[in-house]
Amino acid sequence: MTLRSPLGRARGLGSARLGAQAWWLQRITAVALVPLTLWLTVSVARLTGASHSDFTIWVAAPWNAVLMLVAIATTFYHLKVGVDVVIEDYVHTPWIRISLLVATWFAAVLVGATSAFAVLKIAL
Amino acid sequence: MDRSNRPLSPHLQVYRFQWNMTMSMLHRFTGVALAIGTLLLAWWLIAAAAGPEAYAVVQGFAFSMFGRLVLLGFTFALFYHLCNGVRHLLWDIGLGFEPSVAAAWGWIAFAASIVMTVLAWLLGYALRGGL
């Protein structure tokens, strides 16, 4: 005997029409990452063996700094959504799964924010 | 409700082996590897912000044999995930579902990721002026 309504029990357990959001954002970030990744890999290849001053001058150039910040935000969001799917597929114990999902959020935000701060510190 | 014996995804052993499946697994594998590899990019940026000494440590790692091996794998994983990701995006808009087309694009994506990896490293070595 439960006092909860069927709707109350179902909430949060299945489709609340929120699933499409993660799927859609994964695709938007994927599309954005195509040019960003090509730009970043060519840039990194060109910076092979660059001295510290060469590298910081490159990061501090306005377009490079802006694109780096955009690339960091996009990469860490895409990474988080992607790793979530893997965790949801393979980790079946609820408390471990939720702990890992939260932990990857914290890690992605922390490392992403630190990377963005590093770009700003060099550029400003 | 007994939840203990329900089939849980992904249960790959029930499928006949096919290349699309391998490419899909490699997509996921490279995705996870890239997620970890992103820490190297973060380390590089943070070290550059910290100063020349910290930056030199990153350079030392990047040019060691182990570092080069890691970066080579990183480059391939990145280009593979990029090329195969484009393939997934094309599927998402409804293109290329015919088995022969899906397989052909798979080989193209795989070949393109190897070519792009080689080109990126040639560019890096050429600009550095040797090994």
The helices (runs of 4 or more DSSP H) lying wholly within the stretch B:19-131 that contain at least 3 residues that are within 19 Å of the chain's Cα centre (by Cα) are B:19-50, B:65-92, B:99-128
Could you list all residues from the stretch B:30-49 that are more than 8 Å from chain A (Cβ to nearest Cβ) and either free of Cβ contacts under 8 Å to residues at least 12 places away in the same chain or small (Gly, Ala, Ser) (or both)?
B:Ala33, B:Ile36, B:Gly37, B:Ala47
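Could you pull out the residue among A:Ser99, A:Ser5 that is surrounded by fewer than 12 Cβ atoms within 10 Å (Cβ to Cβ) and small (Gly, Ala, Ser)? Reasoning before the result, please.
Values: A:Ser99 fails: surrounded by fewer than 12 Cβ atoms within 10 Å (Cβ to Cβ).
Residue meeting the stated conditions: A:Ser5.
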Tell me yes or no: at least one residue of the stretch A:75-93 is over 17 Å from the mean Cα position of the chain (by Cα), in a helix (DSSP H, G or I), modelled with pLDDT under 95 and more than 18 Å from A:Val34 (Cβ to Cβ).
yes
Just to check your reading of the model, which residue among B:His88, B:His81 is touching a residue at least 60 places away in the same chain (Cβ under 8 Å) and either under 25 Å from A:Lys121 (Cβ atoms) or in contact with a helix residue (DSSP H, G or I) (Cβ under 8 Å, 6 or more places away or on another chain) (or both)?
B:His88
Of the conditions (1) surrounded by 15 or more Cβ atoms within 10 Å (Cβ to Cβ); (2) within 9 Å of chain B (Cβ to nearest Cβ), the single one that A:Ser51 does not satisfy is (1)
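So, in the stretch B:84-109, of the ones that are facing chain A (nearest Cβ under 10 Å) and either farther than 22 Å from A:Leu40 by Cα or not small (Gly, Ala, Ser) (or both), which residue ends up surrounded by the fewest Cβ atoms within 10 Å (Cβ to Cβ)? Even if it seems obvious, please write down each step before you answer.
Quick first cut of the stretch B:84-109, residues facing chain A (nearest Cβ under 10 Å) only: B:85-86, B:88-89, B:92-93.
Now restrict to residues that are either farther than 22 Å from A:Leu40 by Cα or not small (Gly, Ala, Ser) (or both): B:86, B:88-89, B:92-93.
Numbers: B:Val86: 16, B:His88: 16, B:Leu89: 14, B:Asp92: 13, B:Ile93: 8.
Selected residue: B:Ile93.
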Applying the selection to the stretch A:54-67, what residues are more than 8 Å from chain B (Cβ to nearest Cβ) and part of a helix (DSSP H, G or I)?
A:Asp54, A:Ile57, A:Trp58, A:Ala60, A:Pro62, A:Trp63, A:Asn64, A:Ala65, A:Val66, A:Leu67
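To keep it simple, each residue is scored yes or no on (1) of a type in the set (Phe, Trp, Tyr); (2) within 8 Å of chain B (Cβ to nearest Cβ); (3) in contact (Cβ under 8 Å) with a residue 24 or more places away in the chain.
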position: A:Ala73; (1), (2), (3): no, no, yes
position: A:Gly82; (1), (2), (3): no, yes, yes
position: A:Asp89; (1), (2), (3): no, yes, no
position: A:His92; (1), (2), (3): no, yes, no
position: A:Ile98; (1), (2), (3): no, no, no
position: A:Ala103; (1), (2), (3): no, no, no
position: A:Ala107; (1), (2), (3): no, no, no
position: A:Ala113; (1), (2), (3): no, no, no
position: A:Ala118; (1), (2), (3): no, yes, no
Any residue at all in the stretch B:55-66 that's away from every other protein chain (no Cβ under 11 Å) and buried (at least 19 other Cβ atoms within 10 Å of the Cβ)?
no
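The values are calculated or read from the model by the stated rules, or taken from the named source; none is laboratory data. Everything quoted here is computed from the prediction, not taken from an experiment. Reconstructed Cβ throughout: ideal geometry from the backbone, glycine too, with neighbour counts over all protein chains shown.
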